[in-house]
Structures are given as structure tokens and as C-alpha cells.
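*Asks:* The structure is given below, and queries will be raised subsequently.
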Amino acid sequence: MQLEWRLAWRNVWRNPRRTGLTVAATVFAVALVVLASALSTGMWDKIIDDTVGMASGHVTLTGPGYLEDRTLEQFTYLDAPLRSRLEEDPAVAGFAPRINAFGLLSQGDVTRGVMVMGLDPEREETVSTLPGRIQTGRFLQPKRSNEIVLGERLAQVLQVGVGDELLLYSVAYSLESAYDLFRVVGLMRLPSPALDRGLALISLEDAQAFFVYGDRLSEIAIRARDAGGSASLADELARSLDPRRVEAHTWQEVMPDLAQSVILDKAGMYLMIGILVLVVSFGIFNTILMAVLERKREFGVVLALGLPPRSIFRIVYIESILLAGVGLAVGLLVAIPLVLYLQANPISVADSQEMVAAFEVVGAEPLISAKLVASNPLFSGLTILGVALVAALYPALRASRGKPVDVLRSL
């Protein structure tokens, strides 16, 4: 077996130019596959984290039918048993009760329809990034009434700033008109223009009083310690809660458009990987087949001298493994440091209007980041090695089935 490996290594470098081109193609394919997988994983993790941090949380508890209608008629409660259940669950990093409704904000002659979110200022920071997005003024504070935080674009439309008063008008749960004055205490900047122009935050106590909502809630947003375990957390909560009062939803159910975008992007990535793997397989197949055809006489002679066909088969197969192995090793040495660098230093694309617009569609910061997952290089390595073994099958069979008498006739 040692002799076969030595012969295979020598044969691989008989034609350095051809071998170099094949190895280079393999290096390029491996590096591109690892980099594309890392970029896709890193960017979507960042997009999901940003979007979940501003909206639903990894898991959302709502009243029955809330996702279909999203009105004050569908509500839930955060009673003592549920609060204790969430506080004691090790999979829950934080939770925040909210009230979501629609209203009109008015200042002078300017009126704007907005989504009004009532939230707990203390608990919200354990779930979302909203408290950290304040650009001017401050965030809501506990025990402070009639305070409101606006998006910067919304403040520009209403022509207001910190310290100004706004009239909030809506319809209460009791179907009575609800209106009150709120003082602007902070302006926040949100990556999504739609949210920045249409979101207003007030305290949970103010929202319950304003909408005559008692202790009812629209939703309870939950941030999981492990984002990948959100589905199992939702299933566990659904089994332990009364379905007549509470429904548990993952972020994929709350934001189906974002979930579909992730699926489509990954499908495109896998298609590209398939094309690259196909190119590598043809390169290895061509190199091994040409090497076999050039050494037809050599194989005939060694077969005539008594070398068993299975040894010829193994030598050709080992050559394929060596070609793929060298390309794989170099490709990983090139790709992994690059991925680690991008993971530690995300690239901002804020200067590109097209890229900014693309990120704003999903409400994420315009950053290109990567994330190295052990399964990505492992999957790439196993795929390339598998392709090499398949590509070498026909040349190896052809070499091992050669007949010495045919070689002697051609001399």
C-alpha cells in the first residue's frame, strides 16, 4: 500500500501544469463554497437578530387568532404562573409584555397614522434593541406617564423634537374615543424606513390606561438564549400553556416573509455550490482520465509483470484523492482566515444606496458579516472528496481492465 501511495504521488506531478490547474480550480471552489456559506450564515443571522430584536422576539406568545387579525380583540395575559414559568425557564433570556395598536399622532396641522407600541421600559431591553437606538433624548422610564418615543423620520414628518407635545388619538378597547397628550422624550433611528416613519412607543401602563385595556396584552415577546432552539422553545411553551388563552409562535410564523427570504437565499446558495462542485468533478475527471490514457503502455507492462488489476485501480483512486486533498487543504487555509477576519470585522455598505435599500427592506443594519460554523468546512471537505472518488471511478476501472496483449500489439 505504501508503494501505491508513492507511485500515485509521483504520477500526480508528472504533468505539473495540468495538476496545478486542477488543484487551483479545487482551491477556488472550496474557498468560494466556504466563504459563501459563511457569508450567508453570518448575514442572515445578523438580519434575523436585528429584525427579531425590533419586532417579535424569537418566540411570541399571543392570544388565540392574534396573528390573523392583530387587533385589540385578540389578547392574552401575563399572570403570576406564566411570569414564574418564563423567569425560571433556562432557555428564556428575557421576555417583554407589549400592547400593539394603531392611532393618529397630531401636531398642529400635521397628522400621521402610526403603530403605537406600549411596552415595559425595564423588560424591553432584555428582548429588543429599541432602547439602544435612541439618537436624541432618552428612552422611556418606569413610573413616568404620558411620555412618547418616535422614529426620527416620523418626528420630521410631524415637525416635532424632544420636549414637544403631541395629541394621540385612537379607539379604545371599549370602543370609546381615546385621546391624550404625550410629551416627546426621545427620537430613535430604525433601519427600516417604514418603522422609522410609523412607530411610536409609550409605556405599558400608559397604553393599558389609554386603550382601557386593563391587564390585557397583545403579545409577550421572548428572546431565547439559543436562537436555533426557538422552535423547540415554542413547542415546549405551547404544551405547557392553555391554548384557549395563549398561543406560542416562532419568529418564522410571525414574520413569514423574512423566513421565506432565508429559504430562497439558501436555495440559491446551494445551487451555486452544486455548480462549483460539478466544475471540480469535471476537472478531476479530465485530469485523471488524461493521465490514464497517457500511461496506457505503462499499465500494460506492469500488468504483464504480474501487478494485480486491483493495485492499478487503487493507484488511480489514490491520485484522485491526492488531487482533491491538496486542493481542499489549500482552499481551507485560504478561506478560514478570511472568514474569521470578516466575522471579527463586518464590512459596512452604508455608502451604497442599493445595498442600504436592500437591507432596509428587511429592517437590518447595512453590514456584511460572516460566521464560521464547523459544519461548513466539514461539509465542503466531504463533498469534494466524494466528488473526487466518483470522478475517478471510470478512469480507475479503465486502467485496471487494460490487457497487456493490446499494449504489445501497439508497440
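The values are calculated or read from the model by the stated rules, or taken from the named source; none is laboratory data. If you're wondering where the values come from, they're calculated on a predicted model, not measured in any experiment. Cβ sites come from the backbone with ideal geometry, for glycine too, and all protein chains shown count toward neighbours.
*Asks:* Looking only at the stretch 215-250, how many residues end up being outside any loop (DSSP other than H, G, I, E, B) and either within 21 Å of ASP49 (Cβ to Cβ) or not assigned by TED's automatic domain parsing to the domain that holds VAL116 (or both)? Before the answer, list the steps.
*Replies:* We begin by selecting, within the stretch 215-250, every residue outside any loop (DSSP other than H, G, I, E, B); these are 216-217, 219-224, 227-240, 247-250.
Now drop any that are not either within 21 Å of ASP49 (Cβ to Cβ) or not assigned by TED's automatic domain parsing to the domain that holds VAL116 (or both), which leaves 219-224, 227-234, 237, 248-250.
Here the count works out to 18.
Conditions tested, residue by residue: (1) surrounded by fewer than 21 Cβ atoms within 10 Å (Cβ to Cβ); (2) modelled with pLDDT of 90 or more.
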{"site": "ASP180", "(1), (2)": "yes, yes"}
{"site": "SER218", "(1), (2)": "no, yes"}
{"site": "ALA227", "(1), (2)": "yes, no"}
{"site": "SER230", "(1), (2)": "no, no"}
{"site": "ALA234", "(1), (2)": "no, no"}
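*Asks:* Filter the stretch 118-144 for residues that are under 28 Å from the mean Cα position of the chain (by Cα) and in a strand (DSSP E or B) and give the result.
*Replies:* Across the stretch 118-144, the qualifying residues are LEU119, ILE134, GLN135.
*Asks:* Identify, please: which residue in the stretch 102-125 is buried (at least 19 other Cβ atoms within 10 Å of the Cβ) and β-branched (Val, Ile, Thr) and is, among those, nearest to LEU140 (Cα to Cα)?
*Replies:* VAL116
*Asks:* Identify the single condition in (1) over 18 Å from GLY42 (Cβ atoms); (2) within 20 Å of the chain's Cα centre (by Cα) that ILE263 does not satisfy, given that it satisfies every other one.
*Replies:* (1)
*Asks:* β-branched (Val, Ile, Thr), more than 30 Å from GLY57 (Cβ to Cβ) and surrounded by fewer than 20 Cβ atoms within 10 Å (Cβ to Cβ), is that true of ILE275?
*Replies:* Numbers: β-branched (Val, Ile, Thr): yes; more than 30 Å from GLY57 (Cβ to Cβ): yes; surrounded by fewer than 20 Cβ atoms within 10 Å (Cβ to Cβ): yes.
Taking the combined requirement at face value, the residue satisfies it.
*Asks:* Moving on. Can you spot a residue in the stretch 130-143 that is in contact with a helix residue (DSSP H, G or I) (Cβ under 9 Å, 6 or more places away or on another chain), exposed (fewer than 14 other Cβ atoms within 10 Å of the Cβ) and of a type in the set (D, E, K, R)?
*Replies:* Yes, the conditions are met somewhere in the stretch 130-143.
*Asks:* A follow-up question, please. Within the stretch 33-49, does at least one residue satisfy the condition of being closer than 18 Å to ALA234 by Cα and either touching a Cys at 6+ places or on another chain (Cβ under 8 Å) or surrounded by fewer than 20 Cβ atoms within 10 Å (Cβ to Cβ) (or both)? Let's see the steps before the verdict.
*Replies:* Within the stretch 33-49, the first condition is being closer than 18 Å to ALA234 by Cα, and the residues that meet it are 48-49.
Checking the rest, the ones that are also either touching a Cys at 6+ places or on another chain (Cβ under 8 Å) or surrounded by fewer than 20 Cβ atoms within 10 Å (Cβ to Cβ) (or both) come to 49.
Yes, the stretch 33-49 contains at least one residue that is closer than 18 Å to ALA234 by Cα and either touching a Cys at 6+ places or on another chain (Cβ under 8 Å) or surrounded by fewer than 20 Cβ atoms within 10 Å (Cβ to Cβ) (or both).
*Asks:* On to the next question. Only one residue in GLY53, GLY63, GLY57 is under 32 Å from the mean Cα position of the chain (by Cα), on the phi > 0 side of the Ramachandran plot and either aliphatic (A, V, I, L, M) or buried (at least 19 other Cβ atoms within 10 Å of the Cβ) (or both), so which one is that?
*Replies:* Working: GLY53 fails: on the phi > 0 side of the Ramachandran plot; GLY63 fails: on the phi > 0 side of the Ramachandran plot.
Selected residue: GLY57, the only one of GLY53, GLY63, GLY57 that is under 32 Å from the mean Cα position of the chain (by Cα), on the phi > 0 side of the Ramachandran plot and either aliphatic (A, V, I, L, M) or buried (at least 19 other Cβ atoms within 10 Å of the Cβ) (or both).
*Asks:* Suppose we filter LEU35, LEU39, LEU72, LEU21 for residues that are under 29 Å from PRO191 (Cβ atoms) and over 31 Å from the mean Cα position of the chain (by Cα); which single one remains? It would help to see each step written out before you state the result.
*Replies:* Working: LEU35 fails: over 31 Å from the mean Cα position of the chain (by Cα); LEU39 fails: over 31 Å from the mean Cα position of the chain (by Cα); LEU21 fails: under 29 Å from PRO191 (Cβ atoms).
None of the other options fit; the residue is LEU72.
*Asks:* Taking GLY331, is it surrounded by 15 or more Cβ atoms within 10 Å (Cβ to Cβ) and either more than 30 Å from the chain's Cα centre (by Cα) or not basic (Lys, Arg) (or both)?
*Replies:* Numbers: surrounded by 15 or more Cβ atoms within 10 Å (Cβ to Cβ): yes; either more than 30 Å from the chain's Cα centre (by Cα) or not basic (Lys, Arg) (or both): yes.
Here the answer is yes, as GLY331 does meet what is asked.
*Asks:* Pick from the stretch 63-76 the residues that are at pLDDT below 90 and not in a loop (DSSP other than H, G, I, E, B): which of them is nearest to THR250 (Cα to Cα)?
*Replies:* This residue is LEU67.
*Asks:* When the residues of the stretch 107-148 are filtered to those that are modelled with pLDDT of 90 or more and of a type in the set (Ser, Thr, Tyr), which remaining residue is farthest from GLY53 (Cα to Cα)?
*Replies:* Ranking the qualifying residues of the stretch 107-148, first place goes to THR111.
*Asks:* Step by step: first the residues of the stretch 268-300, then only those that are among the hydroxyl-bearing types (Ser, Thr, Tyr) and either in contact with an Asp or Glu (Cβ under 9 Å, 6 or more places away or on another chain) or free of Cβ contacts under 8 Å to residues at least 40 places away in the same chain (or both), then the one that is nearest to LEU393 (Cα to Cα). Which residue is that? Before the answer, list the steps.
*Replies:* Of the stretch 268-300, the ones among the hydroxyl-bearing types (Ser, Thr, Tyr) are 270, 281, 287.
Subset that is either in contact with an Asp or Glu (Cβ under 9 Å, 6 or more places away or on another chain) or free of Cβ contacts under 8 Å to residues at least 40 places away in the same chain (or both): 270, 287.
Details: TYR270: 25, THR287: 13 Å.
Step by step, filter the stretch 268-300, then rank; the result is THR287.
*Asks:* Say we look at the stretch 349-386 and pick out the residues that are of a type in the set (Ser, Thr, Tyr) and in a loop (DSSP other than H, G, I, E, B); which of these is modelled with the highest pLDDT? Give the derivation first.
*Replies:* Within the stretch 349-386, the first condition is being of a type in the set (Ser, Thr, Tyr), and the residues that meet it are 352, 369, 375, 380, 383.
Add one more test, that the residue is in a loop (DSSP other than H, G, I, E, B), and what stays is 352, 369.
Values: SER352: 67, SER369: 81.
Here the residue is SER369.
*Asks:* Would you mind stating whether GLY94 is in a helix (DSSP H, G or I) and either within 25 Å of the chain's Cα centre (by Cα) or in the same structural domain as THR383 (by TED's automatic domain parsing) (or both)?
*Replies:* Numbers: in a helix (DSSP H, G or I): no; either within 25 Å of the chain's Cα centre (by Cα) or in the same structural domain as THR383 (by TED's automatic domain parsing) (or both): yes.
In short, no.
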